[in-house]
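Comments concern the structure below.
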Amino acid sequence: MILTANQSNIGKMKKTIPGDRLAVIEEFNASEGAYIDKDTIRASRLGIADYDIRRREIKIEPSRKVKNVPMVGDNVIGQVEAVQGNIANIRIYYINDRRSSSGFTGMLVLRSGRSPRKSGRKTTILKFGDIVKAKVTSYKNSIIHLSITANESGVIYATCSSCGGSTERLDQKIKCMNCGLIEERKFASDFGEVYLK
């Protein structure tokens with residue numbers, strides 16, 4: 001039998017996260033822990049992909065070695081590593097209030113609000129270096145997608161983007177206690193009250 005590119009993964013114990021592409025439906029059927037997305041078989045959970053040639057099935061064996069992985073619906077806390085256009089990359093350090101050292105990164109799509117005072121002016125949601133609380137909304141295309149639209153989500157700690165000084169909250173803005181710069185943010189309901197271990 002000639003192995004296709006996907007069948008050649010057999011015996012390699014391929015690790016998966018939800019959304020990972022495993023094969024096409026012409027090659028295999030989706031079994032436990034896998035699902036069909038159009039013409040593609042994808043992983044629906046964290047684990048190890050098991051390719052069964054005889055049955056032409058792929059199933060995902062749960063991985064007991066990997067712990068504290070962000071799943072859809074989880075609350076995470078992380079730091080903004082980069083902001084490019086309307087996309088922010090968040091390095092995740094806490095999952096449901098538990099410390100994680102796995103190095104996961106989530107993607108947050110920024111939907112800037114409008115200032116009620118000056119019609120048409122966009123408000124700043126977050127900036128590089130901010131600590132944010134977010135919710136995992138999906139694993140589309142093997143990317144952890146995050147949201148901060150809920151009241152309890154948003155920036156929980158921020159320093160001045162100009163001088164790096166400490167800040168205090170003034171309504172929907174922060175003021176640097178060092179240089180006096182005033183900036184906007186989308187705050188979590190417990191901004192400034194979260195203690196990180």
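Normalised radius of gyration (Cα atoms, divided by 2.2 N^0.38 Å) for the range 7-62: 0.94.
Using the Cβ of Tyr139 as centre and a radius below 15 Å, the other residues enclosed give a net charge of +3, where K and R count +1 and D and E count -1. Which of rounded, prolate, oblate describes the range 128-175, given a ≥ b ≥ c as roots of the alpha-carbon gyration tensor eigenvalues and a/c under 1.5 marking rounded, otherwise prolate only if a/b is larger than b/c? Oblate, because a/c is 1.5 or more while a/b does not exceed b/c.
Rule-based calculations on the coordinates, nothing more; no lab input. All values reported here derive from a predicted model rather than from experimental measurement. No Cβ is skipped: glycine too gets one built from the backbone with ideal geometry, and neighbour counts run over all protein chains shown.
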